[in-house]
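Peer 1: Got a structure for you, questions after.
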Amino acid sequence: MGVKSDGWIKEMAELKGMIEPFEEKQVRHGISYGLSSYGYDFRIDRNFKIFDSAKCGIMDPKMDVSAHFRSYEGDVCEIPPNSYVLAQTVEYFRIPRDVITICYGKSTYARCGVHLNVTPFEPEWEGHATIAISNTTPYPAKIYAGEGIGQILFLGADETCEVSYADKKGKYQAQKEITVAKGCG
């Protein structure tokens, strides 16, 4: 298994629609996004779900948690102190069957106490990724729509997996909008 290079990423994006829309060079207006040497810096969209602690007694991933969030749309989102928001990528991803990804937050945000969590994109997963963006500071933190928020690395396997995310009919397959935890019910 090895990390895929910018040439492979570009080829897969252009020929297979692996990343749409695709920026073949780093765009350095604001916080950078686009193709990098061994990965792709993705952006966040203008729609957010802001966690509202006043609406929550306890967070339980086995229950419907959608009532704990309020929707917001804008070019800038303020994350409340010691809280988080859900957002989605501008890009729509289609992961090949012999690839898995690892995602990291951009260092610009990390240096401001803003961290993100994105689970790996499994083989044959597709969709706009829903990402959790946490503000670990005691002050509000700004994040910017349409600009880079994280980097995805593509790891190619020596052979294809026996069961892909599509084969499992994963519950977050082909998501087109921000998706809160679906629970186990």
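Peer 1: Just one of ALA157, ALA166, ALA141 is within 20 Å of ASP45 (Cα to Cα) and of a type outside the set (Asp, Glu); which is it?
Peer 2: ALA141
Peer 1: Return the pairs, sorted by first residue and then second, in which the second residue is surrounded by fewer than 10 Cβ atoms within 10 Å (Cβ to Cβ) and among the polar types (S, T, N, Q), the first residue lies in region 54-76 and is more than 17 Å from THR179 (Cβ to Cβ), the beta carbons are less than 7 Å apart, and the residues are 6+ apart or on different chains.
Peer 2: The qualifying pairs do not exist here.
Peer 1: I would also like to ask the following. Based on what the data block shows, is LEU86 crowded, with 16+ Cβ neighbours inside 10 Å, within 27 Å of TYR38 (Cβ to Cβ) and touching a residue at least 24 places away in the same chain (Cβ under 8 Å)? Give the steps one after another, and end with the answer.
Peer 2: Values: crowded, with 16+ Cβ neighbours inside 10 Å: yes; within 27 Å of TYR38 (Cβ to Cβ): no; touching a residue at least 24 places away in the same chain (Cβ under 8 Å): yes.
No, not satisfied.
Peer 1: Looking only at region 28-59, which residues are of a type in the set (A, V, I, L, M, F, W, C) and at pLDDT below 95? Give the steps one after another, and end with the answer.
Peer 2: Step one: filter region 28-59 for residues of a type in the set (A, V, I, L, M, F, W, C), giving 31, 35, 42, 44, 48, 50-51, 54, 56, 58-59.
PHE51, ALA54, CYS56, ILE58, MET59, listed by residue number.
Peer 1: For region 85-97, indicate whether the set of residues that are in contact with a Gly (Cβ under 6 Å, 6 or more places away or on another chain) and more than 19 Å from GLN175 (Cα to Cα) is non-empty. Give the steps one after another, and end with the answer.
Peer 2: If we filter region 85-97 for residues that are in contact with a Gly (Cβ under 6 Å, 6 or more places away or on another chain), which is where we start, we get 94.
Now drop any that are not more than 19 Å from GLN175 (Cα to Cα), which leaves none.
No: zero hits.
Peer 1: With (1) buried (at least 17 other Cβ atoms within 10 Å of the Cβ); (2) under 21 Å from ILE19 (Cβ atoms) as the list, and GLY30 as the residue in question, which single condition is left unmet?
Peer 2: (1)
Peer 1: If you take the residues of region 150-177 that are assigned to a strand (DSSP E or B) and out of contact with any helix residue (DSSP H, G or I) (no Cβ under 7 Å at 6 or more places or on another chain), which of them is farthest from THR89 (Cα to Cα)? Can you show your working first?
Peer 2: Within region 150-177, the first condition is being assigned to a strand (DSSP E or B), and the residues that meet it are 150-156, 175.
Narrowing the set further to residues that are out of contact with any helix residue (DSSP H, G or I) (no Cβ under 7 Å at 6 or more places or on another chain) leaves 150-153, 155-156, 175.
Numbers: GLY150: 10, GLN151: 11, ILE152: 11, LEU153: 15, LEU155: 20, GLY156: 22, GLN175: 11 Å.
Checked region 150-177; the qualifying residue farthest from THR89 (Cα to Cα) is GLY156.
Peer 1: Does LEU116 count as farther than 20 Å from CYS77 by Cα, part of a strand (DSSP E or B) and either at pLDDT 95 or above or under 15 Å from the mean Cα position of the chain (by Cα) (or both)? Step through it out loud before you land on a result.
Peer 2: Details: farther than 20 Å from CYS77 by Cα: no; part of a strand (DSSP E or B): yes; either at pLDDT 95 or above or under 15 Å from the mean Cα position of the chain (by Cα) (or both): yes.
Taking the combined requirement at face value, the residue does not satisfy it.
Peer 1: If I ask for residues that are small (Gly, Ala, Ser) and either buried (at least 18 other Cβ atoms within 10 Å of the Cβ) or under 14 Å from ASP6 (Cα atoms) (or both), which ones from region 33-71 would you list? Steps first, answer last, please.
Peer 2: The first filter runs over region 33-71 and keeps only residues small (Gly, Ala, Ser), leaving 34, 36-37, 39, 53-54, 57, 66-67, 71.
Within region 33-71, GLY34, SER36, SER37, GLY39 qualify.
Peer 1: Which of the residues belonging to region 98-138 are charged (D, E, K, R), farther than 15 Å from LYS171 by Cα and crowded, with 19+ Cβ neighbours inside 10 Å?
Peer 2: First, pick out the residues of region 98-138 that are charged (D, E, K, R): 98, 106, 111, 122, 124, 126.
If we keep only those that are farther than 15 Å from LYS171 by Cα as well, we get 98, 106, 111.
Scanning region 98-138 gives a single hit, LYS106.
Peer 1: Please return the ranges of strands (runs of 3 or more DSSP E) entirely within region 1-103 where 2 or more residues are of a type in the set (Lys, Arg). Explain how you work it out, then say what you get.
Peer 2: Numbers: elements: 34-36, 39-51, 69-73, 76-79, 83-94.
The qualifying strands (runs of 3 or more DSSP E) are 39-51.
The values are calculated or read from the model by the stated rules, or taken from the named source; none is laboratory data. All values reported here derive from a predicted model rather than from experimental measurement. Positions of Cβ are generated from backbone atoms using ideal geometry, with glycine treated the same way; all protein chains shown enter the neighbour counts.
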